[in-house]
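Below is one structure, written out as C-alpha coordinates; comments come after it.
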Amino acid sequence: MTRKNPYLRRATATLGAATLAAGSLLFFASPSLAAVGPDQPGAPTGGTLKINKYSGAPVAEGETPDPRNLLDGVEFTVQQVGDNSSGTCTAIDLTKAEDWTGLDTLFNSAPNAPADPYCLVPGSSTSLTTTDGKAVFDLNVGVYFVQETDPGNNNIVSKVPDFYVSIPTSNGDEGDGWNYNVVADPKNQIMDAPSKEINPAQGQFTLGSEVEWTLTVPVPTLNNETFNEAIVEDVLDSRLDYVEGSSVVTLDGATLDDETDFSVAGNATWTFTPELFNSHMGGELKITFKTKVISVGDGAIPNDEYTSSFNGTEVPGEVDPYTYWGQLSILKTDDSKPTALNLEGAEFQVFNLLEDGTCPSAAPESGAIATGTSGSDGVVMWNHTNPASSPLGLWVANTNNGPADPVPTKSYCVFETVVPAGHTATPIANPVVITPGEANVNPLTVVNPKTEGPDLPLTGAQGTIALTIGGAVIVAAGTGLMIAARRRQGKQNA
(Lines give C-alpha, C1' and ligand atoms only; values in the text may rest on other atoms or scores of the structure.)
Protein backbone atom coordinates (compact mmCIF):
# COMPACT_ATOMS: atom_id res chain seq x y z
CA MET A 1 0.00 0.00 0.00
CA THR A 2 1.31 3.43 -0.93
CA ARG A 3 1.82 5.76 2.04
CA LYS A 4 1.12 9.48 1.45
CA ASN A 5 3.10 12.05 3.42
CA PRO A 6 0.70 14.65 4.99
CA TYR A 7 3.44 17.30 5.03
CA LEU A 8 3.93 16.94 1.28
CA ARG A 9 0.21 17.08 0.64
CA ARG A 10 -0.31 20.20 2.75
CA ALA A 11 2.70 22.08 1.35
CA THR A 12 1.89 21.44 -2.30
CA ALA A 13 -1.74 22.38 -1.71
CA THR A 14 -0.47 25.69 -0.33
CA LEU A 15 1.70 26.10 -3.46
CA GLY A 16 -1.31 25.66 -5.71
CA ALA A 17 -3.37 28.17 -3.74
CA ALA A 18 -0.59 30.74 -3.74
CA THR A 19 0.00 30.56 -7.47
CA LEU A 20 -3.68 30.62 -8.34
CA ALA A 21 -4.11 33.71 -6.18
CA ALA A 22 -1.55 35.46 -8.37
CA GLY A 23 -4.20 35.61 -11.07
CA SER A 24 -1.79 35.06 -13.93
CA LEU A 25 -0.63 31.48 -13.47
CA LEU A 26 -2.35 28.12 -13.54
CA PHE A 27 -0.87 24.73 -12.73
CA PHE A 28 -2.21 21.58 -14.32
CA ALA A 29 -1.51 17.97 -13.42
CA SER A 30 -2.22 14.99 -15.62
CA PRO A 31 -3.73 12.02 -13.74
CA SER A 32 -1.97 9.66 -16.18
CA LEU A 33 1.31 10.84 -14.68
CA ALA A 34 0.29 10.04 -11.11
CA ALA A 35 3.08 8.38 -9.13
CA VAL A 36 4.10 7.65 -5.55
CA GLY A 37 5.49 10.32 -3.24
CA PRO A 38 9.18 11.21 -3.44
CA ASP A 39 10.01 9.27 -0.27
CA GLN A 40 8.35 6.05 -1.48
CA PRO A 41 10.04 3.04 -3.10
CA GLY A 42 10.17 3.32 -6.86
CA ALA A 43 9.57 7.08 -6.89
CA PRO A 44 11.06 9.01 -9.85
CA THR A 45 14.21 11.02 -9.13
CA GLY A 46 13.24 13.83 -11.51
CA GLY A 47 10.53 15.31 -13.68
CA THR A 48 9.71 18.26 -15.90
CA LEU A 49 8.28 21.74 -15.70
CA LYS A 50 6.46 22.64 -18.89
CA ILE A 51 5.61 26.31 -19.29
CA ASN A 52 2.93 27.23 -21.83
CA LYS A 53 3.26 30.96 -22.37
CA TYR A 54 0.11 32.94 -23.22
CA SER A 55 -0.87 36.53 -23.79
CA GLY A 56 -4.07 38.15 -22.58
CA ALA A 57 -5.95 38.63 -19.36
CA PRO A 58 -5.74 35.94 -16.66
CA VAL A 59 -8.25 33.11 -16.99
CA ALA A 60 -10.44 31.99 -14.15
CA GLU A 61 -9.80 28.75 -12.33
CA GLY A 62 -11.00 25.85 -14.44
CA GLU A 63 -10.85 27.76 -17.74
CA THR A 64 -8.42 26.79 -20.50
CA PRO A 65 -6.26 29.50 -22.13
CA ASP A 66 -6.72 29.99 -25.88
CA PRO A 67 -3.87 28.23 -27.80
CA ARG A 68 -3.98 31.04 -30.37
CA ASN A 69 -2.51 33.33 -27.71
CA LEU A 70 0.72 31.37 -27.22
CA LEU A 71 3.82 33.61 -27.12
CA ASP A 72 7.22 32.82 -28.57
CA GLY A 73 10.58 34.26 -27.56
CA VAL A 74 9.86 34.75 -23.85
CA GLU A 75 12.72 33.65 -21.60
CA PHE A 76 12.20 31.89 -18.27
CA THR A 77 14.89 31.15 -15.71
CA VAL A 78 14.61 28.36 -13.13
CA GLN A 79 16.81 28.13 -9.99
CA GLN A 80 16.76 25.44 -7.37
CA VAL A 81 15.86 26.50 -3.83
CA GLY A 82 18.04 25.43 -0.92
CA ASP A 83 18.33 25.78 2.84
CA ASN A 84 21.31 27.58 4.41
CA SER A 85 20.64 26.63 8.04
CA SER A 86 23.94 24.75 8.06
CA GLY A 87 25.85 27.74 6.70
CA THR A 88 25.90 26.32 3.19
CA CYS A 89 23.10 26.64 0.64
CA THR A 90 22.07 23.02 0.22
CA ALA A 91 19.26 21.98 -2.12
CA ILE A 92 16.00 21.06 -0.39
CA ASP A 93 15.60 17.28 -0.41
CA LEU A 94 11.94 16.45 -0.88
CA THR A 95 12.60 12.81 -0.12
CA LYS A 96 13.04 13.88 3.50
CA ALA A 97 9.91 14.76 5.44
CA GLU A 98 11.77 17.28 7.59
CA ASP A 99 12.78 19.32 4.51
CA TRP A 100 9.11 20.03 3.88
CA THR A 101 8.72 21.75 7.19
CA GLY A 102 8.20 25.48 6.67
CA LEU A 103 7.65 25.26 2.92
CA ASP A 104 4.16 26.71 3.39
CA THR A 105 5.79 30.01 4.36
CA LEU A 106 8.20 29.87 1.42
CA PHE A 107 5.47 29.20 -1.12
CA ASN A 108 3.22 31.93 0.30
CA SER A 109 6.07 34.43 -0.01
CA ALA A 110 5.81 34.41 -3.83
CA PRO A 111 6.58 36.46 -5.82
CA ASN A 112 9.44 37.32 -3.44
CA ALA A 113 12.73 35.50 -3.83
CA PRO A 114 13.75 33.06 -1.08
CA ALA A 115 14.65 34.65 2.23
CA ASP A 116 16.59 33.20 5.16
CA PRO A 117 16.70 30.34 5.95
CA TYR A 118 16.05 29.63 2.28
CA CYS A 119 18.40 30.48 -0.58
CA LEU A 120 19.05 29.95 -4.30
CA VAL A 121 21.51 27.13 -4.90
CA PRO A 122 24.63 28.49 -6.66
CA GLY A 123 25.13 27.21 -10.19
CA SER A 124 21.59 25.83 -10.46
CA SER A 125 20.24 28.48 -12.83
CA THR A 126 18.80 27.29 -16.17
CA SER A 127 17.18 29.51 -18.83
CA LEU A 128 14.97 28.57 -21.77
CA THR A 129 13.07 30.61 -24.38
CA THR A 130 9.58 29.62 -25.49
CA THR A 131 9.23 28.04 -28.92
CA ASP A 132 5.71 27.45 -30.21
CA GLY A 133 4.72 29.02 -26.92
CA LYS A 134 6.44 26.34 -24.80
CA ALA A 135 9.54 25.87 -22.67
CA VAL A 136 10.23 22.50 -21.00
CA PHE A 137 12.75 22.17 -18.14
CA ASP A 138 14.16 18.80 -17.07
CA LEU A 139 14.48 19.03 -13.27
CA ASN A 140 15.53 16.86 -10.38
CA VAL A 141 13.15 16.32 -7.49
CA GLY A 142 13.22 19.54 -5.51
CA VAL A 143 11.83 23.06 -5.11
CA TYR A 144 12.43 25.73 -7.76
CA PHE A 145 12.08 29.49 -8.09
CA VAL A 146 10.82 30.50 -11.56
CA GLN A 147 11.21 33.93 -13.12
CA GLU A 148 10.24 35.48 -16.44
CA THR A 149 13.57 37.10 -17.32
CA ASP A 150 13.19 38.45 -20.88
CA PRO A 151 10.02 39.34 -22.85
CA GLY A 152 11.80 39.01 -26.20
CA ASN A 153 10.10 41.02 -28.94
CA ASN A 154 6.73 40.95 -27.21
CA ASN A 155 5.08 44.12 -25.89
CA ILE A 156 4.75 42.72 -22.39
CA VAL A 157 3.68 45.46 -20.00
CA SER A 158 3.14 43.22 -16.97
CA LYS A 159 5.33 40.14 -16.66
CA VAL A 160 4.21 37.04 -14.82
CA PRO A 161 5.00 37.32 -11.10
CA ASP A 162 7.86 35.10 -9.94
CA PHE A 163 6.60 31.79 -8.57
CA TYR A 164 7.66 28.55 -6.92
CA VAL A 165 7.16 25.02 -8.16
CA SER A 166 7.94 21.69 -6.61
CA ILE A 167 8.83 18.46 -8.40
CA PRO A 168 6.68 16.52 -7.62
CA THR A 169 3.41 18.38 -6.99
CA SER A 170 0.42 16.80 -5.35
CA ASN A 171 -2.61 16.18 -7.54
CA GLY A 172 -4.71 17.45 -4.66
CA ASP A 173 -7.64 15.94 -2.88
CA GLU A 174 -9.52 15.35 -6.13
CA GLY A 175 -6.65 13.36 -7.67
CA ASP A 176 -4.54 10.45 -6.72
CA GLY A 177 -0.80 10.29 -6.25
CA TRP A 178 1.83 12.79 -7.30
CA ASN A 179 2.66 14.61 -10.52
CA TYR A 180 6.33 14.74 -11.58
CA ASN A 181 5.56 16.51 -14.86
CA VAL A 182 4.09 19.84 -13.93
CA VAL A 183 2.46 22.15 -16.47
CA ALA A 184 2.27 25.90 -15.79
CA ASP A 185 0.19 28.25 -17.95
CA PRO A 186 1.39 31.77 -17.11
CA LYS A 187 -0.24 34.68 -18.96
CA ASN A 188 1.27 38.03 -19.88
CA GLN A 189 -0.47 41.30 -20.48
CA ILE A 190 0.42 42.51 -23.99
CA MET A 191 0.18 46.24 -24.50
CA ASP A 192 -1.76 47.30 -27.59
CA ALA A 193 -0.26 49.96 -29.83
CA PRO A 194 -1.53 53.54 -29.84
CA SER A 195 -3.06 55.01 -33.00
CA LYS A 196 -3.44 58.51 -34.37
CA GLU A 197 -5.86 60.34 -36.63
CA ILE A 198 -5.71 63.75 -38.25
CA ASN A 199 -8.81 65.90 -38.49
CA PRO A 200 -9.65 65.67 -42.22
CA ALA A 201 -11.25 69.12 -42.17
CA GLN A 202 -9.05 72.19 -42.07
CA GLY A 203 -10.18 75.48 -40.56
CA GLN A 204 -7.26 77.57 -41.83
CA PHE A 205 -5.50 77.15 -45.13
CA THR A 206 -2.25 79.11 -45.18
CA LEU A 207 1.20 78.30 -43.85
CA GLY A 208 1.32 79.02 -40.13
CA SER A 209 -2.14 77.55 -39.57
CA GLU A 210 -2.97 74.84 -37.04
CA VAL A 211 -3.66 71.16 -37.72
CA GLU A 212 -5.58 68.98 -35.22
CA TRP A 213 -4.57 65.42 -34.29
CA THR A 214 -6.11 62.78 -32.00
CA LEU A 215 -4.07 60.09 -30.24
CA THR A 216 -5.91 56.99 -28.99
CA VAL A 217 -3.98 55.00 -26.37
CA PRO A 218 -5.26 51.64 -25.03
CA VAL A 219 -4.64 51.33 -21.28
CA PRO A 220 -3.16 47.88 -20.52
CA THR A 221 -4.34 45.49 -17.83
CA LEU A 222 -1.66 44.58 -15.31
CA ASN A 223 -0.96 41.33 -13.46
CA ASN A 224 -1.10 41.98 -9.71
CA GLU A 225 0.57 45.35 -10.16
CA THR A 226 -0.27 49.02 -10.16
CA PHE A 227 0.86 51.70 -12.57
CA ASN A 228 4.08 53.52 -11.75
CA GLU A 229 4.61 55.20 -15.13
CA ALA A 230 2.39 56.49 -17.93
CA ILE A 231 3.92 58.51 -20.77
CA VAL A 232 2.82 59.31 -24.31
CA GLU A 233 5.41 60.84 -26.64
CA ASP A 234 4.95 62.33 -30.09
CA VAL A 235 8.22 63.19 -31.84
CA LEU A 236 6.90 65.84 -34.22
CA ASP A 237 8.29 66.47 -37.68
CA SER A 238 10.56 69.54 -37.81
CA ARG A 239 7.85 71.33 -39.81
CA LEU A 240 5.36 71.01 -36.97
CA ASP A 241 5.27 72.94 -33.68
CA TYR A 242 3.09 71.88 -30.75
CA VAL A 243 0.54 74.56 -29.87
CA GLU A 244 0.91 75.15 -26.15
CA GLY A 245 -2.30 74.65 -24.19
CA SER A 246 -4.10 72.88 -27.05
CA SER A 247 -4.32 69.42 -25.43
CA VAL A 248 -7.74 68.05 -24.50
CA VAL A 249 -7.33 64.69 -22.74
CA THR A 250 -9.98 62.17 -21.71
CA LEU A 251 -9.71 58.85 -19.87
CA ASP A 252 -12.69 56.59 -20.57
CA GLY A 253 -14.61 59.71 -21.56
CA ALA A 254 -13.81 61.78 -18.46
CA THR A 255 -11.79 64.96 -19.09
CA LEU A 256 -8.44 65.15 -17.28
CA ASP A 257 -7.02 68.30 -15.72
CA ASP A 258 -3.84 69.67 -17.29
CA GLU A 259 -2.54 70.91 -13.95
CA THR A 260 -3.02 67.88 -11.71
CA ASP A 261 -3.48 64.88 -14.02
CA PHE A 262 -0.84 65.46 -16.69
CA SER A 263 1.80 67.82 -18.02
CA VAL A 264 3.09 68.50 -21.54
CA ALA A 265 6.72 69.20 -22.37
CA GLY A 266 8.75 69.74 -25.50
CA ASN A 267 7.45 68.86 -28.95
CA ALA A 268 5.54 66.91 -27.47
CA THR A 269 5.52 64.54 -24.46
CA TRP A 270 2.58 63.97 -22.11
CA THR A 271 3.43 62.65 -18.63
CA PHE A 272 0.50 61.41 -16.56
CA THR A 273 -0.11 60.78 -12.89
CA PRO A 274 0.16 56.97 -13.06
CA GLU A 275 -2.33 56.29 -10.26
CA LEU A 276 -5.10 57.55 -12.54
CA PHE A 277 -4.93 54.35 -14.56
CA ASN A 278 -5.23 51.83 -11.71
CA SER A 279 -9.02 52.05 -11.90
CA HIS A 280 -9.06 52.23 -15.71
CA MET A 281 -7.17 49.06 -16.74
CA GLY A 282 -8.35 48.04 -20.18
CA GLY A 283 -9.73 51.53 -20.76
CA GLU A 284 -8.93 54.18 -23.35
CA LEU A 285 -6.92 57.39 -23.20
CA LYS A 286 -7.55 60.06 -25.86
CA ILE A 287 -5.37 63.10 -26.53
CA THR A 288 -6.56 65.74 -28.98
CA PHE A 289 -4.00 68.47 -29.72
CA LYS A 290 -2.91 70.98 -32.36
CA THR A 291 0.30 71.74 -34.18
CA LYS A 292 1.31 74.75 -36.25
CA VAL A 293 2.68 74.10 -39.74
CA ILE A 294 5.83 76.24 -40.06
CA SER A 295 7.32 75.15 -43.40
CA VAL A 296 6.44 73.16 -46.52
CA GLY A 297 9.54 71.17 -47.52
CA ASP A 298 8.57 68.31 -49.81
CA GLY A 299 4.93 68.99 -48.96
CA ALA A 300 4.23 65.62 -47.30
CA ILE A 301 4.43 66.12 -43.52
CA PRO A 302 4.04 62.89 -41.49
CA ASN A 303 3.18 62.52 -37.83
CA ASP A 304 4.29 58.92 -37.45
CA GLU A 305 6.83 58.82 -34.60
CA TYR A 306 4.76 58.37 -31.46
CA THR A 307 4.77 55.88 -28.59
CA SER A 308 2.92 54.99 -25.41
CA SER A 309 4.81 53.75 -22.36
CA PHE A 310 3.35 52.11 -19.25
CA ASN A 311 5.58 50.80 -16.47
CA GLY A 312 8.62 50.96 -18.72
CA THR A 313 7.17 49.07 -21.69
CA GLU A 314 7.14 51.28 -24.79
CA VAL A 315 5.04 50.51 -27.86
CA PRO A 316 5.21 52.47 -31.15
CA GLY A 317 2.11 53.72 -32.93
CA GLU A 318 0.59 51.88 -35.89
CA VAL A 319 -1.27 54.55 -37.91
CA ASP A 320 0.67 57.19 -39.88
CA PRO A 321 -1.36 60.33 -40.68
CA TYR A 322 -0.05 63.05 -43.01
CA THR A 323 -0.78 66.68 -43.75
CA TYR A 324 0.03 67.96 -47.26
CA TRP A 325 1.02 71.53 -48.17
CA GLY A 326 1.93 73.31 -51.41
CA GLN A 327 2.85 76.77 -52.64
CA LEU A 328 1.52 79.46 -54.98
CA SER A 329 3.74 82.09 -56.58
CA ILE A 330 2.38 85.04 -58.62
CA LEU A 331 4.45 87.34 -60.85
CA LYS A 332 2.83 90.56 -62.07
CA THR A 333 3.96 92.09 -65.42
CA ASP A 334 2.74 94.29 -68.27
CA ASP A 335 2.70 93.50 -71.98
CA SER A 336 5.76 95.49 -73.05
CA LYS A 337 7.85 94.10 -75.92
CA PRO A 338 10.43 92.62 -76.17
CA THR A 339 10.79 92.61 -72.38
CA ALA A 340 7.78 92.76 -70.05
CA LEU A 341 8.00 95.21 -67.18
CA ASN A 342 7.26 94.08 -63.62
CA LEU A 343 4.34 95.88 -62.01
CA GLU A 344 4.12 97.04 -58.41
CA GLY A 345 0.94 97.51 -56.37
CA ALA A 346 -1.28 94.81 -57.84
CA GLU A 347 -3.45 93.09 -55.19
CA PHE A 348 -4.52 89.45 -55.31
CA GLN A 349 -6.88 87.46 -53.11
CA VAL A 350 -7.22 83.67 -52.73
CA PHE A 351 -10.54 81.96 -51.94
CA ASN A 352 -11.82 78.43 -51.46
CA LEU A 353 -14.00 76.94 -54.16
CA LEU A 354 -17.74 77.30 -53.99
CA GLU A 355 -19.72 74.36 -52.63
CA ASP A 356 -20.30 73.10 -56.17
CA GLY A 357 -16.53 73.00 -56.80
CA THR A 358 -16.41 76.04 -59.08
CA CYS A 359 -15.13 79.61 -58.81
CA PRO A 360 -17.34 82.71 -59.00
CA SER A 361 -16.93 85.10 -61.90
CA ALA A 362 -15.62 87.83 -59.62
CA ALA A 363 -13.95 88.01 -56.22
CA PRO A 364 -16.40 87.65 -53.31
CA GLU A 365 -16.72 90.62 -50.95
CA SER A 366 -15.48 88.53 -48.00
CA GLY A 367 -13.94 85.18 -47.11
CA ALA A 368 -10.47 85.59 -48.59
CA ILE A 369 -8.01 83.14 -47.06
CA ALA A 370 -4.99 85.21 -48.18
CA THR A 371 -4.30 88.66 -49.62
CA GLY A 372 -1.06 89.75 -51.27
CA THR A 373 0.42 92.77 -53.08
CA SER A 374 3.11 92.78 -55.75
CA GLY A 375 6.41 94.49 -54.94
CA SER A 376 8.75 96.42 -57.18
CA ASP A 377 9.98 93.12 -58.63
CA GLY A 378 6.42 92.17 -59.55
CA VAL A 379 6.39 89.26 -57.06
CA VAL A 380 3.34 89.08 -54.81
CA MET A 381 4.11 89.21 -51.08
CA TRP A 382 1.45 87.55 -48.94
CA ASN A 383 -0.16 88.83 -45.78
CA HIS A 384 -1.17 85.96 -43.44
CA THR A 385 -0.38 84.34 -40.11
CA ASN A 386 3.10 83.36 -41.19
CA PRO A 387 5.54 86.24 -41.83
CA ALA A 388 4.96 87.72 -45.29
CA SER A 389 6.66 85.54 -47.83
CA SER A 390 6.65 84.52 -51.43
CA PRO A 391 5.43 82.05 -52.48
CA LEU A 392 2.23 81.49 -50.50
CA GLY A 393 2.04 78.25 -48.49
CA LEU A 394 -1.37 76.61 -48.98
CA TRP A 395 -2.98 73.54 -47.46
CA VAL A 396 -3.64 70.64 -49.84
CA ALA A 397 -5.03 67.70 -47.80
CA ASN A 398 -5.03 65.76 -44.51
CA THR A 399 -4.91 61.97 -44.78
CA ASN A 400 -4.69 58.96 -42.50
CA ASN A 401 -2.78 55.74 -43.21
CA GLY A 402 -0.37 57.79 -45.32
CA PRO A 403 1.53 58.48 -47.41
CA ALA A 404 -1.33 59.09 -49.82
CA ASP A 405 -1.30 57.46 -53.24
CA PRO A 406 -1.89 59.21 -55.56
CA VAL A 407 -0.46 62.43 -54.14
CA PRO A 408 -3.40 64.77 -53.42
CA THR A 409 -3.99 68.19 -54.99
CA LYS A 410 -6.31 71.07 -54.11
CA SER A 411 -7.84 73.87 -56.17
CA TYR A 412 -8.32 77.49 -55.15
CA CYS A 413 -9.89 80.59 -56.73
CA VAL A 414 -7.46 83.47 -57.38
CA PHE A 415 -8.56 87.02 -58.27
CA GLU A 416 -6.72 90.24 -59.04
CA THR A 417 -8.61 92.74 -56.90
CA VAL A 418 -6.48 95.88 -57.49
CA VAL A 419 -4.96 96.61 -60.91
CA PRO A 420 -1.96 98.98 -61.24
CA ALA A 421 -2.81 102.41 -62.71
CA GLY A 422 -2.73 102.59 -66.49
CA HIS A 423 -3.27 98.88 -66.96
CA THR A 424 -6.22 96.63 -67.71
CA ALA A 425 -7.14 93.57 -65.64
CA THR A 426 -6.70 90.16 -67.22
CA PRO A 427 -9.01 87.29 -66.13
CA ILE A 428 -7.21 84.43 -64.34
CA ALA A 429 -7.89 80.88 -65.50
CA ASN A 430 -9.62 79.60 -62.36
CA PRO A 431 -9.52 77.32 -60.52
CA VAL A 432 -5.79 77.22 -59.78
CA VAL A 433 -4.50 73.73 -58.85
CA ILE A 434 -1.97 73.42 -56.00
CA THR A 435 0.34 70.41 -55.77
CA PRO A 436 2.41 69.60 -52.64
CA GLY A 437 6.02 70.63 -52.11
CA GLU A 438 8.46 73.46 -52.67
CA ALA A 439 9.95 71.98 -55.86
CA ASN A 440 6.85 73.07 -57.77
CA VAL A 441 5.69 76.46 -56.51
CA ASN A 442 2.72 76.44 -58.91
CA PRO A 443 3.93 79.66 -60.62
CA LEU A 444 1.29 81.98 -62.02
CA THR A 445 2.22 84.96 -64.24
CA VAL A 446 -0.51 87.57 -64.61
CA VAL A 447 -0.02 90.04 -67.49
CA ASN A 448 -1.82 93.40 -67.48
CA PRO A 449 -1.83 95.11 -70.86
CA LYS A 450 -1.29 98.86 -70.91
CA THR A 451 -4.49 100.80 -71.31
CA GLU A 452 -4.71 102.39 -74.80
CA GLY A 453 -4.93 106.20 -75.03
CA PRO A 454 -7.75 108.03 -76.89
CA ASP A 455 -7.72 108.67 -80.71
CA LEU A 456 -6.47 112.25 -81.54
CA PRO A 457 -8.07 114.62 -84.16
CA LEU A 458 -6.19 115.36 -87.47
CA THR A 459 -5.58 118.99 -86.47
CA GLY A 460 -3.46 117.82 -83.80
CA ALA A 461 0.16 116.99 -84.14
CA GLN A 462 -0.46 113.94 -86.26
CA GLY A 463 -2.66 115.99 -88.72
CA THR A 464 -0.04 118.72 -89.05
CA ILE A 465 2.60 116.22 -90.01
CA ALA A 466 0.32 114.74 -92.64
CA LEU A 467 -0.53 118.18 -94.12
CA THR A 468 3.13 119.19 -94.19
CA ILE A 469 4.06 116.07 -96.08
CA GLY A 470 1.11 116.52 -98.44
CA GLY A 471 2.01 120.19 -99.10
CA ALA A 472 5.60 119.30 -99.93
CA VAL A 473 4.40 116.75 -102.45
CA ILE A 474 2.10 119.34 -104.11
CA VAL A 475 4.87 121.97 -104.28
CA ALA A 476 7.26 119.50 -105.85
CA ALA A 477 4.67 118.50 -108.43
CA GLY A 478 3.94 122.20 -109.33
CA THR A 479 7.61 122.98 -109.75
CA GLY A 480 7.99 120.07 -112.16
CA LEU A 481 5.08 121.27 -114.26
CA MET A 482 6.51 124.80 -114.51
CA ILE A 483 9.88 123.54 -115.71
CA ALA A 484 8.25 121.35 -118.33
CA ALA A 485 6.11 124.27 -119.67
CA ARG A 486 9.13 126.57 -120.08
CA ARG A 487 10.99 123.93 -122.05
CA ARG A 488 8.07 123.54 -124.51
CA GLN A 489 7.82 127.36 -124.95
CA GLY A 490 11.55 127.64 -125.69
CA LYS A 491 11.31 125.08 -128.43
CA GLN A 492 8.41 126.94 -130.11
CA ASN A 493 10.28 130.30 -130.15
CA ALA A 494 13.20 128.69 -131.79
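The values are calculated or read from the model by the stated rules, or taken from the named source; none is laboratory data. These figures come from a predicted structure and were not determined experimentally. Using ideal geometry, Cβ is built from the backbone for each residue, glycine included, and neighbour counts are taken over all protein chains shown. What goes into the accessible areas is simple: the full protein's heavy atoms, side chains included, and nothing from ligands, DNA or RNA. Shrake-Rupley method; radii C 1.70, N 1.55, O 1.52, S 1.80 Å.
Would you check the accessible area of K290, probe 1.4 Å, heavy atoms only, in square angstrom rounded to 10?
70
So how far apart, in nm, are the two label points at K337 and L353 if each is 7 Å from Cα heading toward Cβ?
If labels sit at K337 and L353, their model points lie 3.8 nm apart.
List the residues, sorted by chain then number, that are 5 or more residues from L444 or on another chain and whose placed amide H is less than 5 Å from its amide H.
S329, I330, L331
How far apart, in nm, are the 7 Å Cα→Cβ label points at T88 and A201?
If labels sit at T88 and A201, their model points lie 8.0 nm apart.
Where the centroid of each part is defined by its Cα atoms, how far is segment 304-336 from segment 189-210 in Å?
A separation of 10 Å, based on Cα centres.
For D66 and E225 in one chain, what is 0.36 nm times their gap in residues minus the Cα-Cα distance, to one decimal in nm?
54.9 nm
Per residue, how much accessible area does segment 134-235 have with a 1.4 Å probe, in Å²? Provide the component values of the computation, followed by the final result.
Values: 3620 Å² over 102 residues.
The answer is 36 Å² per residue.
Starting from the Cα of K187, draw a straight line to each of the lysines and keep only those under 22 Å, dropping any in the same chain fewer than 8 residues away.
By straight Cα distance, K187 reaches K50, K53, K134, K159.
Sequence neighbours fewer than 8 away in the same chain don't count; with that in mind, list the aspartates and glutamates whose C-alpha is under 16 Å from K332.
Result set, ordered by chain and number: E344, E347, D377, E416.
In straight Cα distance, which lysines are under 16 Å from K286, not counting same-chain residues fewer than 8 positions off?
Counting by Cα, and skipping residues close in sequence, K286 has these lysines nearby: K196.
For segment 216-322, give the magnitude of the charge dipole about the Cα centre (Cβ charges: +1 Lys/Arg, -1 Asp/Glu; no others), in debye to the nearest 20.
Roughly 220 debye for segment 216-322.
By per-residue mean of other Cβ atoms within 10 Å, what is the highest-first order of 245-255, 395-405? If you can, show how the numbers build up before the last one.
Numbers: 245-255: 14.2, 395-405: 17.4.
The most tightly packed comes first, giving 395-405, 245-255.
Which whole-number percentage describes the relative contact order of segment 245-369, with Cα contacts under 8 Å and a sequence gap of 6 or more?
15
Can you send over the carbon and sulfur percentage of the accessible area for segment 168-248, probe radius 1.4 Å, protein chains only?
Carbon and sulfur atoms account for 42 percent of the accessible area of segment 168-248.
Arrange the peptides 180-187, 87-94, 422-429 so that the one whose residues have, on average, the most other Cβ atoms within 10 Å appears first.
Values: 180-187: 21.9, 87-94: 16.6, 422-429: 13.2.
Taking the mean over residues of other Cβ atoms within 10 Å, the ranking is 180-187, 87-94, 422-429.
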